[in-house]
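Enquirer: This is the structure I want to talk about, given as structure tokens.
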Amino acid sequence: MPEITAPQREKTSDNVSDCDDLFPIREVARLTGVNPVTLRAWERRYGLIQPTRTESGHRLYSRNDIDTVHRVLDWIERGVAVSKVGKILARDEPLSEPGTAPEAQVEWVQWQGRLRLAISAFDDRELDRLYGQIFSAYPIAVVFQDILMPLWQALLRHQGRFGQASEWLFFDNFLRSRTAQRLQVAAAAPVPRVLLAAVAGECRELELLVAGLLMSGEKLAVKVMGVGQPFDELTLICEKTQPQALVLFSNRAPGSELPLRLKRLALTLNCPLLLAGDAADLAQESLKGSSIGCLGNEGRLMQRRLQQFLAGGLDT
């Protein structure tokens, strides 16, 4: 039986026929790059998506379903097996703090809408104006965790139409520039420093910069090493700069060799070694009992855990 196509949508049952936000499987395949066979497998075998069914059995996908497909792809690209993605998605929680008022969440979405308009017009002046207003209205964690980075991630995932890749690049370049400026100011403060470096190829530059900014505080500055920093030269840098700690950042599922590499590196350092990002949660069990601390992947917790670890109040 052939799959339903866009012109056939009016033939579906009454509860879906009038909805413009439902898409046939071929359209979803075009938008996401995932072929229909795989989409069906993700539904039947893993329960990752649950499309609506028409009276004749055809699948129709909502925008939330499409977003879920992009999230699944994101985790697969980070090295997580598709069979494990469901558990990760199931424990995913909104980035907002528990008890956040719905009104605040509505405001964040409204800010994202204004940012989208500036991005789609490639209007750097308007984007800079909105950026300043958002920073004057919210704490830095809310700015990045709840407004800027969710929009950045959405633009990264949804690049199916002409011009969308350019929009993401425009926004990514803007945020990298502004975040680097803030980090430079913070790193100049006469307070103890922590070094932050990416595990090669396991995060994007903006993710590393934002992590550094969220870890920084009044009593602790984070110095971000350039993306591409050689792993085997980190010991040398720590010997010369004497940081309070070295934090490695990765947003991919850790391979079997990463815990071993980290443990070997820790033996050569004259400062504590910590792991942050998605890899920190996924590798926590394999690093249990070692000297390596895991800071997690949530911005609001990373700074708190880092401070606790340096104060001796966080177990590895």
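Enquirer: In the stretch 90-106, is there at least one residue being among the acidic types (Asp, Glu), modelled with pLDDT of 85 or more and not in a loop (DSSP other than H, G, I, E, B)?
Expert: Looking for residues that are among the acidic types (Asp, Glu), modelled with pLDDT of 85 or more and not in a loop (DSSP other than H, G, I, E, B), one finds none in the stretch 90-106, hence no.
Enquirer: So which helices (runs of 4 or more DSSP H) are wholly in the stretch 111-187 and hold at least 3 residues that are free of Cβ contacts under 8 Å to residues at least 12 places away in the same chain and closer than 20 Å to Leu214 by Cα?
Expert: Those helices (runs of 4 or more DSSP H) span 124-137, 164-187.
Enquirer: Same structure again: Can you name every residue in the stretch 137-177 that is within 14 Å of the chain's Cα centre (by Cα) and among the acidic types (Asp, Glu)?
Expert: Answer for the stretch 137-177, where residues must be within 14 Å of the chain's Cα centre (by Cα) and among the acidic types (Asp, Glu): Asp146, Asp172.
Enquirer: Could you figure out which of (1) of a type outside the set (S, T, N, Q); (2) over 30 Å from Leu115 (Cα atoms); (3) in contact (Cβ under 8 Å) with a residue 24 or more places away in the chain isn't true of Lys240?
Expert: With respect to (1) of a type outside the set (S, T, N, Q); (2) over 30 Å from Leu115 (Cα atoms); (3) in contact (Cβ under 8 Å) with a residue 24 or more places away in the chain, Lys240 is out only on (3).
Enquirer: Suppose we filter Lys223, Lys219 for residues that are charged (D, E, K, R), under 29 Å from Asp124 (Cα atoms) and either outside the structural domain of Asp123 (by TED's automatic domain parsing) or out of contact with any Gly (no Cβ under 9 Å at 6 or more places or on another chain) (or both); which single one remains?
Expert: So the residue among Lys223, Lys219 that is charged (D, E, K, R), under 29 Å from Asp124 (Cα atoms) and either outside the structural domain of Asp123 (by TED's automatic domain parsing) or out of contact with any Gly (no Cβ under 9 Å at 6 or more places or on another chain) (or both) is Lys223.
Enquirer: In the set Pro254, Pro259, which member is part of a loop (DSSP other than H, G, I, E, B) and not charged (D, E, K, R)?
Expert: Checking each option against the conditions leaves just Pro254.
The values are calculated or read from the model by the stated rules, or taken from the named source; none is laboratory data. These numbers come from a predicted model, not from an experiment. Neighbour counts are summed over all protein chains in view; Cβ atoms, including those assigned to glycine, are modelled from backbone coordinates with ideal geometry.
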